1. Would you report the distance distribution of C-alpha pairs in the stretch B:26-157 as whole percents per 5 angstrom bin, up to the bin with the largest distance?
2. Considering the Cα positions of chain B, please state its Rg to one decimal place and its Dmax as a whole number of Å.
3. A:Asp10 label points, 7 Å along Cα→Cβ, one per copy: pairwise distances from this copy to the rest in nm, shortest first?
4. Considering every residue in A:77-85, what mean count of other chain Cβ atoms within 10 Å of its Cβ is obtained?
5. Within 10 Å of each Cβ of B:158-166, how many other protein chain Cβ atoms are there on average?
6. Counting only other chains, and only Cβ atoms inside 10 Å, what mean value do you get across the residues of A:100-112?
7. Translational diffusion coefficient, Stokes-Einstein: compute it for the protein assembly as shown using the Kirkwood radius over C-alpha pairs as Rh, at 25 °C and 0.890 mPa s, and state it as an integer in µm² s⁻¹.
8. Any idea what angle helix A:34-43 forms with the longest principal axis of chain A, computed on alpha-carbon atoms, 0 to 90 degrees, nearest 10?
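Rule-based calculations on the coordinates, nothing more; no lab input. Note that the coordinates shown come from a computational prediction; the quantities given were computed from them, not determined experimentally. Cβ sites come from the backbone with ideal geometry, for glycine too, and all protein chains shown count toward neighbours.
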There are 2 protein chains.
Amino acid sequence: MTAVLVIEDDDRIRLALLLALEDEGYEARGAATAEEGLRSQRRDPADYVLVDLMLPGIDGFEGIRQLRRDDDVPIVVVSARDDTHDIVAALEAGADDYVVKPVAIKELTARLRALRRRARTVAPVEESVPVLAFGELEVSPEAGEVRRSGTPVAVTRTEFRLLCELAEHAGRVLSRQQLLSRVWGYDTGDERLVDVHVGRLRQKIELDPANPRHLVTLRGLGYKLQR
Amino acid sequence: MTAVLVIEDDDRIRLALLLALEDEGYEARGAATAEEGLRSQRRDPADYVLVDLMLPGIDGFEGIRQLRRDDDVPIVVVSARDDTHDIVAALEAGADDYVVKPVAIKELTARLRALRRRARTVAPVEESVPVLAFGELEVSPEAGEVRRSGTPVAVTRTEFRLLCELAEHAGRVLSRQQLLSRVWGYDTGDERLVDVHVGRLRQKIELDPANPRHLVTLRGLGYKLQR
DNA sequence: CGGACGTATGACAGTTGCGTGACAAAAGCC
DNA sequence: GGCTTTTGTCACGCAACTGTCATACGTCCG
């Protein structure tokens, strides 16, 4: 699960953020001071850090700087202050984004997902499994994993094979026949089988399955996976 | 120099942004519509794109989506609308950041710098799909795609086959008989059928279908596709 | 000038292609 | 063995496409 660390001294706000993040399917951790947050992050790194600016002891700016010294984690400032100076200073200190309180949880998570698209490639130490990326979609044939905006998506074996086949020919049309032959090994068979599985796959990997962005139909030609 | 493309239909705002960006040492370019912006970006890619949401023709959301299909450039939405829905939708569409007008130029540039730190150094695996070009017209048989000035054009299967056939014999005349045989597999049949489909194709791919520049008729001979 | 021929275009109805939900067989999994 | 999950089949319905026709347009040539 994706973990988020919230560094915020106001207990009420911190708690509210933690609960909201958990509702959204994140593993949320809290810290009341920059020191505590830094320690937590060193001990057990989260995937994102949300940080307030006005903190007792080490303030947010300094906290960001120290965090950045040895961590590439995406940092989002969540502050009540809506001042250009603060925004610029926080971003210069190494923050990736800055939102003003009160913030809608949906906006916050959307910003986290947007950051993840960018942060993906900066995973240096992690196991080097080839990953095919299509916008917010990631397919790792080797690892047998599919992710949308970083969160794993459960697909069945057939769906996975189908997806890999399409991913490995990214941007190219594959006819139902080709898919039937490559995924199922059928030289002959009902092409509607492909439709059904594509439909099911769409339900899982597309944000709006009715308007597919990545797994698109080319009427009369076949299917194709695109960015 | 770092180039920024500003897609914004309000002349005053666009100009103000362009001037402010130039003051900050960027090379700034403007576009009044999404179509124009997409074209500009294809022709001569900028390092960042700023885009408004409310645009005539293709709106900002769709513009972002189309841009993202084949470009990894950092995109920042600059909109007057401060609504969670819009923010989430824009980020999901592929934008990297969202700021609300009016925006301080210092904040904007700070956000651009923050984005640059994250901007992908290595593009994700992406084999290029072969494309046949005829001026502003592009045909990609493998991808099942047709574009005019970079924007995708929806054509039907028969139209697509017809176009591919003509594209693969670029510059040479193909008689109605030849087309009938190669596209439809008819040894015999009504040659008017070809006319109709050529006509429909023209409506879609020619800027001025009445005066075709690429898909031309050679009276008494047949049709030909030229650049 | 006018007729003949070749081409363009709009309308229309039959057909096709595709998405979807339902369902039963098959395969895993306790 | 009983349960859940996955898989393949089917049928329905909508939307899009196709081919045909009638008509309009334009061009060539007598």
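1. 2, 9, 18, 21, 20, 14, 8, 5, 2, 0, 0
2. Expressed in Å, the Cα Rg and Dmax of chain B come to 21.6, 70.
3. For A:Asp10, the other copies' label points sit at 3.0 nm, shortest first.
4. Working: counts 0, 0, 0, 0, 0, 0, 2, 7, 3.
Averaged over the peptide's residues, the number is 1.
5. Values: counts 1, 1, 4, 2, 0, 0, 0, 0, 0.
The per-residue average across the peptide is 1.
6. Working: counts 1, 0, 0, 2, 5, 1, 5, 8, 3, 2, 9, 6, 1.
Per residue, the number of nearby Cβ atoms from other chains is 3 on average.
7. Numbers: Rh = 24.4 Å.
My calculation gives 100 µm²/s for D.
8. With rounding to tens, the tilt is 40 degrees.
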